[in-house]
Structures are given as structure tokens and as C-alpha cells.
Amino acid sequence: MRSISTVITSGVTLALIAAVSARAQTPDPSDWPAVVSQAKGETVYWNAWGGSDNVNDFIAWTGRQLQKRYGFKVVEVKVADTAEAVAKVVADKAAGKNTDGSVDLIWINGENFVAMKKQNLFFTPGWATKLPNWKYVDTRNPTVTTDFNEPTDGLESPWGNAKLVFFYDSARTKKADLPNNAEQLLAWAKAHPGRFSYPAPPAFMGTTFLKQVLYELMDDKSKFYKPVDKMSFKQYVAPLFSYLDQIKPYLWHEGRDYPKDYPAMKQMLADGSLGIIFAFNPSEASSAIEAGKLPKTVRSFTFSGGTLGNTHFVAIPYNAAAKAAALVLANFLISPEAQFHKQNPEYWGDPTVLSMQKLPGEWQKKFAALKLGVATLPPSELGPIIREPDASWTDAIEAAWKKRYGVAH
């Protein structure tokens with residue numbers, strides 16, 4: 001007969017083995033109760049851009065909700081560039097670390113998504129479309145199912161929309177004088193020397209501005225959505241660099257220096273150093289006004305011919321240690337509750353990826369009643385969405401800009 005201590009020890013051992021086995025199982029989003037059960041007790045290391053207080057506060061709020069409801073922890077790993085998180089996953093794979101990776105979830109889109117997809121660094125295809133809350137997603141929006149012209153194949157889940165919008169201080173700049181396209185912006189810069197600038201690429205907003213100008217000036221816009229042809233690249237970007245050469249003497253500091261990023265531009269608009277700035281969120285100005293970081297007289301405008309727009313996503317690496325909890329987190333991010341909280345300019349102001357027609361009536365009413373802020377344009381005034389180009393254009397444009405203008409200091 002075995003002793004009681006032996007029985008207890010065996011029982012504990014079996015329990016530990018069972019726990020480890022459960023953790024080792026690949027979660028199946030089609031069996032959602034099992035995913036939720038497996039997620040309990042896990043810790044999700046979410047690598048996300050940490051350059052905004054609003055974003056960081058939203059992620060912290062999300063973590064509190066999930067800890068309370070599902071019993072797992074969310075840790076934000078703040079990165080300055082998504083490429084940092086991608087590099088971690090690449091390094092894990094090179095080292096043969098195919099399980100228990102250090103990254104569980106990545107805020108990702110664009111060229112980083114394309115790079116990881118090509119290297120098979122994502123969790124199983126189709127997981128995103130199996131999430132319970134996927135039924136609410138606005139799948140009519142083409143940027144939800146393609147990312148920088150690359151099909152998402154359910155490898156990433158959307159959680160916010162973005163669109164290029166410009167801001168100005170109505171106390172200093174007349175609405176009637178505002179430009180309506182890139183060419184008019186050049187004329188405005190010449191008429192107001194030193195009052196416009198853009199972040200030096202590869203800063204995201206700087207590269208976005210270059211792509212906007214290039215799209216407007218390209219004769220054959222279909223080339224924008226095909227991989228870069230090295231033989232004809234110089235020909236197609238010639239109008240862009242002609243434009244940049246013309247505007248450079250009229251930029252802030254005559255183009256000798258560039259704002260570091262969007263937060264730097266925001267401060268320069270607040271103190272009057274710049275007259276026009278831009279961001280990739282239609283509600284950003286209203287959120288900044290709410291936070292006391294921009295004057296109450298700041299307003300938004302956009303180009304009637306359209307501006308760049310995309311969707312931002314979250315993705316799970318193939319070797320994530322907490323896949324189940326990452327799935328639950330991704331599902332929560334597309335819940336009506338989380339999307340409503342996120343779109344509120346008092347918290348963030350990031351536009352929803354949900355279709356209002358797909359939501360229950362009570363949530364339709366809540367979204368309809370949500371005040372987006374004094375500086376936020378209604379959807380009818382945002383103009384058309386210009387889809388992002390093929391991902392290969394981003395690196396090519398950044399490299400060409402750096403070669404022509406050098407590294408800003």
C-alpha cells in the first residue's frame with residue numbers, strides 16, 4: 001500500500017503535468033469555451049507603440065477588464081517601432097525557440113505584417129475570423145482584409161481605423177486659406193515660410209506624408225499597388241522629390257531640421273511654431289483638446305480628393321507563450337464595449353472597425369450618441385480613403401529620401 005504522502009505527491013505531479021499539457025495545447029478559436037479556460041492564469045506580453053498617453057491608458061484599461069473577467073494578466077511592452085517586436089520573434093526563430101516566445105501579441109500593420117507573413121512567423125491562418133466578435137467587424141472596408149495591399153488571411157485581427165487628417169489653429173489661420181491638395185499645400189507653405197514641416201522618415205508620419213504626396217502626383221496610380229520596379233522607381237518618384245525640393249526652403253528651419261514625430265508636431269502647433277500639422281486619426285485633435293495639449297480653437301480639415309487610410313491590427317506570433325489569452329484579448333478589442341470606449345475622445349478617439357448595422361440596437365444607439373469632439377470631422381467630410389501602397393514602396397521611399405536629404409538631427 002502506498003503512503004498518503006506518496007498519493008498526495010503523485011496527485012500534485014499529475015495536476016502539474018495536466019496543467020503543463022493544457023498550456024502546451026494549441027488553442028482552437030472554434031472551441032471558444034476551451035480557449036477562455038486555457039487563458040486563465042496566463043500573462044500576455046503585448047508589444048505596442050508606447051508613444052501616446054491615450055494609447056497607453058487604453059491598454060491599461062483593457063488589462064484591468066481582462067484580469068477581472070478572465071483571470072489573466074496583460075503586460076504592455078512599449079516599443080518605439082513595431083520592428084523591435086518583429087526582431088524579437090525573428091531572433092527567437094533563429095535560436096530555435098519555437099515555443100514560449102517572449103512576444104504574445106503585436107500591434108502591427110503594413111510592411112511589418114508583410115515581412116512576418118513571408119517568414120511564416122504568425123499563429124495559424126484564419127484565427128481572426130473565428131473570434132466570436134468578428135461578426136461585428138465591418139468587412140466591407142477593404143483595409144480590414146488587406147494590409148498594405150497584402151491579404152491578411154485571418155493572420156491578424158483589426159482593432160482600429162486610421163485616416164490622414166490635417167489640423168490648424170483657427171485663431172491663427174483662416175479656414176478659407178487652407179489647402180485642398182498637395183499642390184495647394186506647397187503654395188500655402190511658400191506663402192507662410194517656416195509654418196509647415198513633416199517628421200523625417202522613417203518616422204511613420206513623415207513616410208505617410210511622402211506617400212500621400214506621391215499618390216497625388218503619380219500619373220499611373222496603379223503602380224502604387226504593385227511591387228516596386230527598381231528599374232522604373234526613379235521615374236515614378238521623380239514628381240515627389242521635385243515637390244520636396246520645392247517645399248524644403250519654406251519648411252520649419254528651412255528643412256535643416258525636422259520634427260521628431262507627431263507628438264513633436266502637436267507641441268509645435270500648440271505653441272504656434274507650425275500652422276498646419278497632420279495625424280493619422282480623425283479624432284486626434286479633439287482628444288488632444290480634451291487632454292489640454294492643444295488649444296480649444298484647433299480644428300481639422302482634409303483633402304477632398306482623398307487621403308491615405310488603413311486599419312491597424314494585432315497579431316499573434318507563431319511561438320507565443322500565451323496564445324489562448326492573446327486570442328481572448330484580440331476578441332475583446334473588437335467587442336462593442338472596447339470599441340466604444342476606444343472611440344470616445346475622452347479616452348482615445350480611435351475610430352471603430354465595427355459595422356453599425358451589425359451591432360445590437362442598444363450599441364447602435366450608444367455609438368450614434370457618442371460625441372466625437374469639437375475638432376472631429378463627421379464621416380461625410382473626411383473624403384475618400386486612399387489605400388496604402390504595396391509594402392515595398394515604404395522602404396524604397398524612405399531609402400531614397402535619406403539618400404537625398406540625409407539624416408535629420
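Some points to look at:
- Relative contact order %, the chain, counting alpha carbon pairs below 8 Å whose residues are six or more apart: 26
- Residue of 368, 60, 83 that the Gaussian network model of the chain assigns the largest fluctuation, springs spanning Cα pairs under 10 Å: 368
- For segment 337-409 versus segment 109-129, the gap between their alpha-carbon centres in whole angstrom: 21
- Label-point separation in nm, residue 358 to residue 25, each point 7 Å along Cα→Cβ: 2.8
- Per residue, the Cα convex hull of segment 258-318 amounts to 139 Å³.
- Here the Gaussian network model covers the chain, with springs between Cα atoms less than 10 Å apart; of 203, 369, 330, 369 fluctuates the most.
- Cα-based helix-to-principal-axis angle, 4-24 vs the chain, degrees rounded to 10: 30
- Relative exposure of 168, 215, judged by other C-beta atoms within 10 Å (fewest first): 215, 168
- Cubic angstrom per residue, convex hull over Cα atoms of segment 271-409: 200
- Between helix 392-405 and the chain there is an angle of about 50 degrees, using the helix long axis and the longest principal axis of the Cα atoms.
- Average Cα contact separation per residue, segment 47-155, under 8 Å, 6 or more apart, as relative contact order %: 24
- For residue 375, the amide hydrogen comes within under 5 Å of the amide hydrogens of 286, counting only partners 5 or more places away or on other chains and with H modelled in the peptide plane.
- Segment 261-300 and segment 229-243: distance between their alpha carbon centers, rounded to Å: 32
- Anisotropy class of segment 33-101 from Cα gyration tensor, a/c 1.5 cut: oblate
- J(HN,Hα) series, segment 32-49, from Karplus relation 6.51 cos²θ - 1.76 cosθ + 1.60, nearest Hz, glycine and proline x: 5, x, 5, 4, 4, 5, 5, 5, 4, x, 7, 10, 8, 9, 9, 7, 9, 4
- For the chain, the C-alpha radius of gyration divided by 2.2 N^0.38 Å, with N the number of residues, is 1.08.
- Using the Cβ of residue 229 as centre and a radius below 13 Å, the other residues enclosed give a net charge of +2, where K and R count +1 and D and E count -1.
- Candidate lysines for bridging to residue 266, where Cα separation is under 18 Å - those fewer than 8 sequence places away on the same chain excluded: 163, 293, 296
- The protection proxy used here, the mean number of other Cβ atoms lying within 10 Å of each residue, ranks peptides 281-293, 351-363 as follows, highest first: 281-293, 351-363.
- Phi angles across segment 185-190 convert, under the Karplus curve 6.51 cos²θ - 1.76 cosθ + 1.60 with θ = phi - 60°, into 3J(HN,Hα) values of 5, 4, 4, 5, 4, 5 Hz, Gly and Pro given as x.
- Among 45, 225, the ranking by other beta carbons within 10 Å of each residue's beta carbon, starting with the fewest, stands as 225, 45.
- Least to most buried among 312, 253 (fewest other Cβ within 10 Å first): 253, 312
- Other-chain or far-sequence residues with amide H under 5 Å of residue 138's (modelled H): 354, 355
- Dipole moment magnitude, nearest 20 debye, the chain about Cα centre, only Lys, Arg, Asp, Glu C-beta charged: 320
Laboratory data are not the source of any read-out in this text; all were calculated from the coordinates shown. Computed from a prediction, not measured in an experiment: that's the story for all the values here. Cβ coordinates were reconstructed from backbone atoms using ideal geometry, including for glycine residues, and neighbour counts include every protein chain displayed.
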